[in-house]
Each structure stands twice: as structure tokens, then as C-alpha cells.
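Visitor: Take a look at this one; I'll ask things after.
Every read-out reported here was derived from the displayed coordinates using simple, explicitly stated rules and does not represent laboratory data. Small disclaimer: the values here were computed from a predicted structure and weren't measured. Heads up, the Cβs are rebuilt from the backbone with ideal geometry, glycines too, and the neighbour counts pull from every protein chain shown.
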Amino acid sequence: MSAVAATFWPRPSWTAALAGLQDLDLQWNVPLARHTTFRLGAPVTCLAQPRSITALQALIRRLVQEGIPYFLLGAGSNLLAADEPWDGVAIQLGQCCGEIRLNPPDHGTEMQRLEVGAGVNLARLLRFSLKHGLAGFEPLVGIPGTVGGAVVMNAGTGGGGITDVLDAITIMEVTGELREIPKSRLDIGYRSVTLPKHSLILEADFSVVSIDPRQLRTKMQATMKHRRQTQPLGWPSAGCIFKNPPGHSAGALIERAGLKGLRSGDAEISTKHGNWIVNLGHASARDVLTLVRIAEERVFKEFGIRLEREIRVLGG
Ligand code: EPU
């Protein structure tokens, strides 16, 4: 048995700490490769899926009390998980925050309020908006992720982003207290929304107007066509690796630095889009990070521009 495996899971102290909690699905020793769009990453000690908000509150309280590290996994679409096991608890909100509720418009207004759980998949939200003819989410078509993850990173494209139609979010503080924050009180930046420290988004509420579903379908198809032409969608990846520096395209800078097609192991800077790294089969996180660092160094050397990472790196 390797040193890591010897101290590996399930950890008796953690199983005991989490054992009494109700309404909670736990899986031990879960490879993150199965839960990330990059399709790579070593196991996490525990994957927890609370079935209610009460169960989520109890879980966080217990993890904080016991000093057990945790993070919100979402759809794993913007995450580079390390090659070494991560000793902590990954939490997914699909079960406790997985509802979409559409409220009829208030009298005298066309605005409809859409309440969406943070664990809802973006693809499901897009299908819902198409079915009900709701405008505003179409720039997000084809972007993998959960609604909570998309709000936190203010996901979007040149055509617009999720916070354009956002009205308010409901967060859970680390104490378990729930709080609604209107959009006007949020600090919204390029690819980021700043939340109170250690809080989690449970729900996002949107104000949306109606649109002819046929018009919506046409817009979505055009966006997808552009994405298929310009992005390597057929390969496992985490989407764009870097934020676009002000006034520049990270992809264009990486291309001009001559790095498209560069490989490290089974990771490759996409030949189609310089800001994407694809997993050609058995890439490791180390392979990806090697390319990330080369891109950072070369772009700085050639253009004096520091690329800022958009992906989150876990462990390693
Ligand atoms: N370009 C190049 N070479 C490349 C890539 C791009 O010259 O290798 C040029 C393009 O020709 C274009 C410009 O750079 O003139 C911008 O490229 P693109 O339209 O592909 O958009 P982007 O800025 O690279 C952004 C988002 C994407 C989103 C697309 C939708 C960021 C960091 N990226 O990419 O979001 O899908 O717009 O067009 O804001 C993501 O965040 O993960 C993501 C994929």
C-alpha cells in the first residue's frame, strides 16, 4: 500500500463525524476525474450531496466544528483537480437546490421572476427557457456548469452574461443563516461576483421577459455554431483557461506567442483556440499546469501582459 493509500479513506474520524447527519448522501474516495469536464483529477476523500437545505446547514456546521476542509464542486467545469488525492469533502447542491420556479408576471409588467436553485445545470436552465420562451440566457448556450457556479464567476460571452438578467441571490452564511442579496448590493466584475466570505449561493432569481421560442432557438443555434467553429468542444477541457486581459484576447496572445498545438504529455494547447487546453486522453493536472505556466511566461515575455487564470486549481 502506498503512503497515501495507507492514510486514505474512509477516515474513521470523519465517518463518525458525519454519520449522524440526516438527509445526506455520502460517497467515499471519489475520483474527481469523474466529476470534472477536464476528465482528470485524483480522488476526493468524500463527496456529499445533501437532500435539503436543513441537511446542508447541518453538514456545514459539522464540517466547520470538526475542522474538515470542504469545497463546492458544482459541475466541475471550471476546475483543475490535482493528481494527488484531496483530503476533504466536496459538496454538490443538485439535490437540495435543484428546482426551477417560474412566477407569473406582476400586474402591469412583462417581467417574470424565475427562481433557480444553485445546483441546477445550465443546460437544463437553457432547455427550460426555450420551452417557456424566456429571453436572456441564450448567450450561455453550450457552457457547462451549474447556475450557482455560473453566477459566482459571472459566466458569459461577448453577447452577454448571466448577471445581465440577475435580480437577486440567496446565500447561506457559514453560520447556516440564509440571506437574500439584491443585485444592486453585489460586487460584480469581469468573470467574478464577490460574495461574503465563506458563503454559498443557494438560489439565483432572475427577471426575464418573454420571447418567441422560434426566435430564441435561432439565436441559440447561431451561438452554438460559432462556438463549434471556434472552440474545441469535442475534447475534455475546462473552457477558457485565462480571463481576457483588458483590451486583449488571451487566445490571440497565446496564438501570437506561437503556442497553439504545444503539448505536455496528453495535454495540448488547442490548435483551434489558444485559450483552451484539451485533454487528449490521459493528461495529468501536472501536464496542464506545465502548459498554463509556459503560456503565462511566454505571453509576459513577448507582450508584457500578465495572464490571469479563470480556472480554479484544487490542491497540487
Ligand atoms: N482569437 C485568435 N486566436 C485564438 C483564439 C481567438 O486570434 O486562438 C481571436 C478571435 O479571432 C477573435 C478574438 O480572439 O477575434 C476573440 O475570440 P473569441 O470570439 O473566441 O472569444 P474569446 O474572447 O476568446 C470569450 C469567452 C468564452 C466564450 C466566447 C464566446 C472569456 C475569457 N472567454 O472567448 O468563454 O465562449 O467569448 O465567443 O471571456 C469561458 O469563459 O470558459 C469561455 C469559453
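Visitor: Can you spot the aspartates and glutamates whose alpha carbon is less than 14 Å from Lys219's alpha carbon? Ignore those fewer than 8 places along the same chain.
Guide: By straight Cα distance, Lys219 reaches Glu138.
Visitor: Going by C-beta contacts inside 10 Å, put Thr109, Thr45, Thr271 in order with the fewest on the left.
Guide: Ordered from fewest to most neighbouring Cβ atoms within 10 Å, Thr109, Thr45, Thr271 come out as Thr109, Thr271, Thr45.
Visitor: Something else now. Quick check: Cα centre of region 15-55 to Cα centre of region 117-166, how many Å?
Guide: Using only Cα atoms, the two centres lie 25 Å from each other.
Visitor: Now, a different point. Given a Förster radius of 45 Å and the C-beta distance between Glu99 and Thr15 as r, what FRET efficiency does 1/(1 + (r/R0)^6) yield to the nearest 0.05?
Guide: Values: r = 30 Å, r/R0 = 0.67.
The computed FRET efficiency comes out at 0.90.
Visitor: Please arrange Glu203, Glu297 by counting, for each residue, the other beta carbons lying within 10 Å of its beta carbon, fewest first.
Guide: Listing Glu203, Glu297 from fewest to most nearby Cβ atoms yields Glu297, Glu203.
Visitor: Students often check this: by mean Cβ neighbours within 10 Å, which of 99-107, 178-186, 285-293 ranks highest, and how do the rest follow?
Guide: 285-293, 178-186, 99-107
Visitor: Taking every DSSP beta bridge with both residues inside the chain, roughly what % is antiparallel (nearest 5)? Mind dumping the intermediate values first?
Guide: On the way: 43 of 53 bridges.
DSSP beta bridges in the chain are roughly 80 percent antiparallel.
Visitor: Determine the shape class of region 1-119: with a ≥ b ≥ c the square roots of the Cα gyration tensor eigenvalues, call it rounded for a/c under 1.5, and otherwise prolate if a/b is greater than b/c, oblate otherwise.
Guide: The shape class here is oblate.
Visitor: What's the magnitude of the charge dipole for region 59-160 around its Cα centre, counting Lys and Arg as +1 and Asp and Glu as -1 at the beta-carbon? Answer in Debye, nearest 20.
Guide: Working: 7 positive and 9 negative charges, 63 e Å.
That gives a dipole near 300 debye.
Visitor: Let me ask something else about it. Please give the charge dipole size of region 244-290, origin at the Cα centre, charges +1 on K and R Cβ atoms and -1 on D and E Cβ atoms. Round to the nearest 20 debye. Please report the intermediate quantities before stating the final value.
Guide: On the way: 5 positive and 4 negative charges, 20 e Å.
That gives region 244-290 a dipole magnitude of about 100 debye.
Visitor: What distance in nm separates the simple spin-label points at Arg293 and Ala252, each placed 7 Å from Cα in the Cβ direction?
Guide: About 3.0 nm, to one decimal.
Visitor: Give me the Debye-computed log₁₀ of I(q)/I(0) at q = 0.12, 0.16 Å⁻¹ for the chain, equal point scatterers on Cα only, no solvent, two decimals.
Guide: -0.89, -1.39
Visitor: Which peptide among 15-23, 276-284 comes first, and what is the full order, when sorted by highest mean count of other Cβ atoms within 10 Å?
Guide: Working: 15-23: 13.4, 276-284: 20.2.
Peptide ranking by packing, descending: 276-284, 15-23.
Visitor: Per the helix-only calculation at 222 nm, which mean residue ellipticity applies to the chain, given -39500 (n - 2.57) for every DSSP H run of n ≥ 4 and division by its residues, nearest 500 deg cm²/dmol?
Guide: -8500 deg cm²/dmol
Visitor: Hey, another quick one. What FRET efficiency comes out for the pair Arg113/Asp212, r = Cβ-Cβ distance, R0 = 25 Å, nearest 0.05?
Guide: That pair, Arg113 with Asp212, gives E of 0.75.
Visitor: In whole Hz, what ³J(HN,Hα) sequence does region 88-100 give by Karplus (6.51, -1.76, 1.60; θ = phi - 60°), x for Gly and Pro?
Guide: Whole-Hz 3J(HN,Hα) from phi for region 88-100: x, 10, 9, 10, 10, 9, x, 7, 8, 9, x, 9, 10.
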